[in-house]
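**Q** Okay, here's the structure, questions in a sec.
The values are calculated or read from the model by the stated rules, or taken from the named source; none is laboratory data. Just so it is clear, the structure is predicted and the values come from calculations on it, not from any experiment. Cβ: placed from backbone, ideal geometry, glycine included. Neighbour counts: every protein chain shown. Accessible surface areas use protein heavy atoms only, side chains included; no ligands, DNA or RNA. Shrake-Rupley method; radii C 1.70, N 1.55, O 1.52, S 1.80 Å.
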Amino acid sequence: MILNLKNSWWKYLCVILVIYTVLAGLLVPSPRLPILNETIRNLYFHVPMWFCMTVLLLISAVHSALYLGKANIKNDLYAVEAANTGVFMGVLGLLTGSLWAKFTWGTFWTSDPKLNAAAVGELIYIAYIILRGSFTDEQQRARIGAIFNLFAFPIFISIIYILPRLTDSLHPGNGGNPAFSQYDLDSRMRLVFYPAVIGFILLGVWFTQLRVRLRLIENKLEH
Amino acid sequence: MATISVFKEIILLVKKDLALEWRQRFAIQSVLLYMGCAVFVCYLSIGIKGSRLIPNTWSALFWIILLFAAINAVTKSFLQEDKQRNLYYYTLVSPQALIISKIIYNSFLVSLLSFIGFALYVGIMGNPIQEMGQFAVCLLLGSFGFSSTFTLISAIASKAGNNSSLMAIMSIPLIIPLLLVLMKFAKNAIDGLPWISSYDEMIQLAALNILLGALSYILFPFLWRS
């Protein structure tokens, strides 16, 4: 029921917030810092992608749990489409992050715990999608996919959010590095960052809802 | 009463698995030979005696060999018995007892394999380890983590028609967090750091093991029912 948002007010909100993020994110003055310079604006785009991915994967895990409880095929559709959109957001997060790394660390990719964890997280969910593809029976696919999804989600959280904090990492917010919140002295950045997070999460939910509706129509046409 | 009978079931099931393994020794023999071949390939392709291999490479090769051997050893835990026999177990024992017994049995199997593999590897590639006790703890914790992850994944893979490449793509990304902590712990043991510097790793490994075990325990009944 989590995604059963029939009203459209949140879609207007989403459009407004994303447009605001793009405009304000590129135009509002940003703190002048050495090395970071203007790349600090990437905070408005890169970080919300990962928040959005995490929220979507959480939605996916909740729907998998619901599926195991009630065996409603609609829950399975939500679980898989939320995971698909989550993986897509993760790819965008990797791309924006690697662009940022090129201009601050001097390289697109470096062997850093946080970066590797992000790549492994993508692999886990691609394995989930491949696993689902190996079943022909719809019920079996949904049930076993749900079990793998629930097994994978806590591990995903531990590698993305817990383990990189315990080791040495270049990534802001990890390995003793300060996160961006310490840089924005006058909280100007928060005025763009929080709306950006909400806007992109709503966008991800919207994508998922559209994909699920498409799948439901396809199912109806098949039967 | 219920808890007592579950314990009895677990002990019986572990005994049954041990007896089966003992009767069909070719399975464990083949995994041992697999490890032996892998170690020998490493020896031939690197071509130097271990004393000159840098510790990081030594450790990486060892864990990769052990990882694949463990995947091979655990994969068969749900395929050595046919569908009818599994249905028969389903009517006899609770799924919790079954998964716990499989995890215990696989932990035993993988730790046995890891110690034999370690002896083989040290014999051929040399031994840079300074803190043997720590490395042994590392092997034990690692074996338990490998088996509790791979047991559930092998149950999933057995439902998906025993596709071995599916087993690999599902288990390798999921085992990476554990493997990273293990390698760090192993590095400490190789460098001969005191025990106190590895407490963090030990706690992380124990926490990961508990997490993986608990997830398998909760999720397996759903898998078993299908």
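**Q** Across the range A:139-145, in residue order, what do the Karplus-derived ³J(HN,Hα) couplings come to in whole Hz, using 6.51 cos²θ - 1.76 cosθ + 1.60 with θ = phi - 60° and x for Gly and Pro?
**A** Once rounded to whole Hz, the list reads 5, 4, 4, 5, 5, 6, x.
**Q** Using packing as a proxy for protection, rank B:128-134, A:51-57 so that the peptide with the highest average count of other Cβ atoms within 10 Å comes first.
**A** Values: B:128-134: 16.1, A:51-57: 23.7.
For the peptides B:128-134, A:51-57, the packing ranking is A:51-57, B:128-134.
**Q** Provide the solvent-accessible area of A:Ile124, counting protein heavy atoms only and rolling a 1.4 Å probe, rounded to the nearest 10 Å².
**A** Approximately 0 Å² for this residue.
**Q** Could you check how much of the accessible area of chain A is carbon and sulfur, as a whole percent, using a 1.4 Å probe? Mind showing how you got there, number by number?
**A** Numbers: 7410 of 10750 Å².
Answer for chain A: carbon and sulfur cover 69 percent of the accessible area.
**Q** What is the diffusion coefficient of the range B:2-225 in µm²/s, taking the Kirkwood radius over Cα pairs and the Stokes-Einstein relation at 25 °C with a viscosity of 0.890 mPa s?
**A** In µm²/s, the coefficient rounds to 134.
**Q** How crowded by other chains is A:136-145, given as the mean number of beta carbons from other chains within 10 Å of each beta carbon?
**A** For this peptide, the per-residue mean of nearby foreign Cβ atoms is 2.
**Q** Ordering A:Trp50, B:Trp195 from largest to smallest accessible area (1.4 angstrom probe), what's the sequence?
**A** Per-residue accessible area, sorted high to low, gives B:Trp195, A:Trp50.
**Q** Something else: For the protein assembly as shown, what does the helix formula give at 222 nm: sum of -39500 (n - 2.57) over DSSP H segments with n ≥ 4, over the residue count, nearest 500 deg cm²/dmol?
**A** The helix contribution divided over the protein assembly as shown gives -27000 deg cm²/dmol.
**Q** I've got another one for you. What does the highest-first list of B:37-46, B:65-74 look like by mean Cβ count within 10 Å?
**A** Numbers: B:37-46: 14.4, B:65-74: 23.0.
Most protected by this proxy first, the peptides run B:65-74, B:37-46.
**Q** Rank these residues by their accessible area, most exposed first, probe 1.4 Å: B:Ser147, B:Ser165, A:Ser98.
**A** Final ranking, largest accessible area leading: B:Ser165, A:Ser98, B:Ser147.
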